[in-house]
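What follows is calculated from the coordinates using simple rules that are stated; it is not laboratory data. Here the structure is a predicted model, which is why all the values come from computation and not from measurement. No Cβ is skipped: glycine too gets one built from the backbone with ideal geometry, and neighbour counts run over all protein chains shown.
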Amino acid sequence: MALYSEKVMDHFRNPRNVGVIEDADGVGEVGNAKCGDIMTMYLKIRDERIEDVKFETFGCGSAIASSSMATELIKGRPVSEALQLTNKAVAEALDGLPAYKMHCSVLAEEAIKAALKDYYDKNGIEYDHSVLPDNLGCEECEVD
Ligand code: FES
C-alpha cells in the first residue's frame with residue numbers, strides 16, 4: 001500500500017486556500033518545535049460563520065495537506081463547528097495519515113483554534129478556556 005493516500009497527495013500538490021487574508025478577523029500561528037514546521041491560519045468571520053479561510057504552512061507535505069483539508073472542512077461552516085474540528089477528522093478526510101505523521105494534522109486543528117481564540121480575544125467574546133487554552137501548540141508531537 002502506498003504510504004500516502006491519493007487525497008493527501010492531491011492536497012499536497014494542489015493545496016486549497018493558500019495565502020493570506022490581510023484584514024482577517026482572526027489569525028492563528030502554531031509551530032512544532034521538534035520538526036520546525038509552522039502553520040498560520042487566517043479567518044474572515046461574518047454572522048458567526050467562517051466566510052473565508054486561508055493558510056500558510058512552512059512544513060512537510062502532510063502538514064500542507066492537513067491545512068488544506070482543514071480549510072475545506074471549515075469554510076462556510078458556523079464558528080461553533082470549526083471549534084469542534086479535530087485532527088482525527090482532518091486525517092480521516094484525507095483517507096488517513098501514517099501514524100508518525102498524525103502530529104501534522106494536530107497542527108491544523110490547533111492553528112484553527114488559535115485563530116478562533118484570536119478572534120474571540122480581539123472582540124472581547126467570552127469562550128471556554130479549556131477548549132481554547134493559552135498554550136495552543138503541538139506539545140506532544142513526536143517526530144521520527
Ligand atoms: Fe512536523 Fe509534519 S508537521 S513533520
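Any residue at all in region 11-28 that is out of contact with any Lys or Arg (no Cβ under 9 Å at 6 or more places or on another chain), among the aromatic types (Phe, Trp, Tyr) and over 19 Å from residue 75 (Cα atoms)? Looking for residues that are out of contact with any Lys or Arg (no Cβ under 9 Å at 6 or more places or on another chain), among the aromatic types (Phe, Trp, Tyr) and over 19 Å from residue 75 (Cα atoms), one finds none in region 11-28, hence no. Residue count for region 53-79 satisfying the condition of being touching a residue at least 24 places away in the same chain (Cβ under 8 Å), within 16 Å of the ligand (Cβ to nearest atom) and of a type outside the set (S, T, N, Q): 10. The residues on offer are 88, 34, and the sole one that is assigned to a loop (DSSP other than H, G, I, E, B) and within 23 Å of residue 3 (Cα to Cα) is 34.
What number of residues within region 101-121 are closer than 18 Å to residue 46 by Cα and either hydroxyl-bearing (Ser, Thr, Tyr) or crowded, with 18+ Cβ neighbours inside 10 Å (or both)?
Number satisfying all stated conditions: 9.
Scanning region 60-85 for residues that are assigned to a helix (DSSP H, G or I) and closer than 19 Å to residue 10 by Cβ yields a total of 14. Counting only residues that are surrounded by 19 or more Cβ atoms within 10 Å (Cβ to Cβ) and out of contact with any Phe, Trp or Tyr (no Cβ under 9 Å at 6 or more places or on another chain), region 74-100 holds 6 of them.
Residues that are assigned to a loop (DSSP other than H, G, I, E, B) and more than 20 Å from residue 9 (Cα to Cα) occur at least once in region 44-53. Evaluating residue 66 against the criteria (1) of a type in the set (S, T, N, Q); (2) touching a Cys at 6+ places or on another chain (Cβ under 9 Å); (3) closer than 26 Å to residue 124 by Cα leaves one unmet condition, (3).
Is there a residue being in contact with a strand residue (DSSP E or B) (Cβ under 7 Å, 6 or more places away or on another chain), within 23 Å of residue 5 (Cβ to Cβ) and among the small types (Gly, Ala, Ser) anywhere in region 48-60? Yes: one or more hits.
Note on region 1-32: among residues that are of a type in the set (A, V, I, L, M, F, W, C) and within 13 Å of the ligand (Cβ to nearest atom), the one that is nearest to residue 117 (Cα to Cα) is 30. Looking across region 80-107, just one residue is within 16 Å of residue 26 (Cα to Cα) and touching a residue at least 40 places away in the same chain (Cβ under 8 Å), and that is 83.
When you scan region 33-52, do you find a residue that is of a type in the set (D, E, K, R), surrounded by 16 or more Cβ atoms within 10 Å (Cβ to Cβ) and within 16 Å of the ligand (Cβ to nearest atom), even just one?
Looking for residues that are of a type in the set (D, E, K, R), surrounded by 16 or more Cβ atoms within 10 Å (Cβ to Cβ) and within 16 Å of the ligand (Cβ to nearest atom), one finds at least one in region 33-52, hence yes.
Checking 37, 10 one by one, the residue that is more than 13 Å from the chain's Cα centre (by Cα) and among the charged types (D, E, K, R) is 10 and no other.
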